[in-house]
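Novice: Here's a structure for you.
Just so you know, all these numbers are worked out from the coordinates, no wet-lab data involved. From a predicted model like this one, the values you see are computed outputs, not experimental measurements. Reconstructed Cβ throughout: ideal geometry from the backbone, glycine too, with neighbour counts over all protein chains shown.
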Amino acid sequence: MDREFEGKVVVITGGAQGIGKCIAEEFRLRGAEVCVIDKQSGKHFVGDIADKVTLENFCNHVVETYGKVNFIINNALPLMKGLHECSYEEFQYALNVGVTAPFYLVKMLSDHLAEGASIVNISSSRDRMSQPETESYTAAKGGVSALTHALAITLSGKARVNSVSPGWIDTAYTDYHGADAEQHPAGRVGNPMDVANIVLFLCSEKSGFITGENICVDGGMTRQMIYHGDYGWRKDND
């Protein structure tokens with residue numbers, strides 16, 4: 001394994017499970033020091049990033065321990081609730097996790113960014129398409145996509161800032177067949193490594209001319225035009 005990130009410090013929110021855990025493991029394999037914050041219990045920093053004081057304590061911990069930050073991966077998952085069930089407080093909580101926390105985390109660590117720093121925000125293909133009753137999650141993901149290009153301009157010359165919008169990612173690495181796979185032009189459902197690979201690329205010197213971008217990692221799903229009755233596609237109302 002190429003230890004290309006030896007001596008680098010990576011901060012990952014929501015890094016104890018799912019996509020975030022996979023990203024954290026891949027950075028560790030490449031020699032990085034990984035600082036994770038997650039609500040799930042474990043050896044990482046445990047806390048809810050929706051809470052301002054918790055975020056401040058985490059950032060102090062990172063700075064006191066390492067003195068610098070090379071990469072920030074804003075990955076924590078916002079709450080998903082819709083118009084008819086989501087309360088004001090729940091909607092605000094989703095925005096706190098998905099937009100406010102990434103902003104505040106970058107703000108607090110901005111003076112400690114090392115040369116060549118890279119920030120990657122994990123958005124979602126739902127920043128451009130929706131299912132019913134997903135407003136809190138979709139708004140948060142759309143917000144972090146927009147925050148990305150704003151930060152890229154503000155941090156010009158100090159850090160590159162990009163976002164990744166995963167589509168259907170199965171964290172259990174399930175092998176799907178039939179319609180679930182075929183609706184993806186790539187021919188399969190995604191898995192966490194599909195996201196981790198692009199995050200690693202965006203933190204590498206290979207992507208030194210990329211900033212302010214949102215890269216959709218969805219197997220082409222959002223590019224597939226589907227009309228009932230065309231090319232074998234049918235909608236069943238069972």
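Novice: Grab the Cα-Cα distance for SER156 and GLN131, subtract it from 0.36 nm times how many residues apart they are, and report the gain in nm with one decimal.
Specialist: 5.5 nm
Novice: Once phi is turned into ³J(HN,Hα) by the Karplus curve 6.51 cos²θ - 1.76 cosθ + 1.60 with θ = phi - 60°, what whole-Hz value does each residue of region 168-180 show in order, with x for glycine and proline?
Specialist: Using θ = phi - 60°, the values come out as 6, 10, 9, 6, 8, 6, 5, 8, 8, 10, x, 4, 4 Hz.
Novice: While we're looking at this one, here's another question. How are the Cα pair distances of region 49-96 distributed, in percent, across 5 Å bins from 0?
Specialist: Spelled out per bin, shortest first, that is 5, 17, 20, 20, 14, 10, 8, 5, 2, 0.
Novice: Additional query: Go through 230-237, 164-171, 208-215 and give me the packing order, highest mean Cβ count within 10 Å leading.
Specialist: Those peptides, ordered most packed to least, come out 164-171, 208-215, 230-237.
Novice: While we're here: With r as the distance between the Cβ atoms of LYS52 and GLU4 and R0 = 45 Å, compute the FRET efficiency 1/(1 + (r/R0)^6) and round to 0.05.
Specialist: 0.85
Novice: For the chain, what is the relative contact order in percent, using Cα pairs closer than 8 Å and at least 6 residues apart in sequence?
Specialist: Contact order relative to length: 17 percent.
Novice: Ratio of region 7-146's C-alpha Rg to 2.2 N^0.38 Å, to two decimals?
Specialist: Here the answer is 1.04, to two decimals.
Novice: How far apart, in nanometres, would the label points at LYS68 and THR174 be if each is projected 7 angstrom from Cα along the Cα-to-Cβ direction?
Specialist: Result: 4.4 nm between the two label points.
Novice: Here's a follow-up. Stretched out fully, how many nm does the piece from ALA146 to GLN17 gain, at 0.36 nm a residue minus the Cα gap?
Specialist: Contour length minus Cα-Cα distance gives 43.9 nm.
Novice: Can I ask one more? Would you grab the residues whose amide H sits under 5 Å from the one on ILE72? Only those 5+ places off in sequence or on another chain, please, with H modelled 1.01 Å from N.
Specialist: Those qualifying (amide H under 5 Å, at least 5 residues apart or on another chain) are VAL11, SER118, ILE119, VAL120.
Novice: Among [x] 1.03; [y] 1.21; [z] 0.96, find the value of Cα Rg over 2.2 N^0.38 Å that was calculated from the structure presented, and write down its label.
Specialist: Among [x] 1.03; [y] 1.21; [z] 0.96, the one calculated here is [x].
Novice: A further question on this structure: In whole Hz, what ³J(HN,Hα) sequence does region 32-46 give by Karplus (6.51, -1.76, 1.60; θ = phi - 60°), x for Gly and Pro?
Specialist: Ordered by residue, 3J(HN,Hα) equals 7, 8, 10, 10, 10, 10, 7, 6, 5, 5, x, 7, 6, 6, 9 Hz.
Novice: What is the ratio of the Cα radius of gyration of region 24-77 to 2.2 N^0.38 Å, with N the residue count, to two decimals?
Specialist: Relative to the rule-of-thumb radius for its length, region 24-77 sits at 1.13.
Novice: With label points built 7 Å along Cα→Cβ from the Cα atoms of ASN197 and ASN237, find their separation and express it in nm.
Specialist: 4.1 nm
Novice: Using 7 Å Cα-to-Cβ label points, what is the MET225/PHE209 separation (nm, one decimal)?
Specialist: 3.2 nm
Novice: A follow-up question, please. Of the cross-linked pairs LYS21/LYS81; LYS141/LYS235; LYS68/LYS107; LYS68/LYS158; LYS81/LYS107; LYS21/LYS158, which ones have a Cα-Cα span greater than 22 Å in the structure shown?
Specialist: LYS21/LYS81; LYS141/LYS235; LYS81/LYS107; LYS21/LYS158
Novice: Pull up all non-local amide H partners of VAL36: gap of 5 or more, or a different chain, and H-to-H distance under 5 Å with H placed in the peptide plane.
Specialist: ILE12, PHE45
Novice: Something else about it: Among the GluC sites (Glu not before Pro) in region 49-107, which ones are in a DSSP loop with at most 12 other Cβ atoms within 10 Å of the Cβ? Mind listing them?
Specialist: Here the sparse-neighbourhood loop sites are GLU85.
Novice: Just subtract the alpha-carbon distance of LYS43 and LYS107 from 0.36 nm times their residue separation and send over the number in nm, one decimal.
Specialist: 20.5 nm
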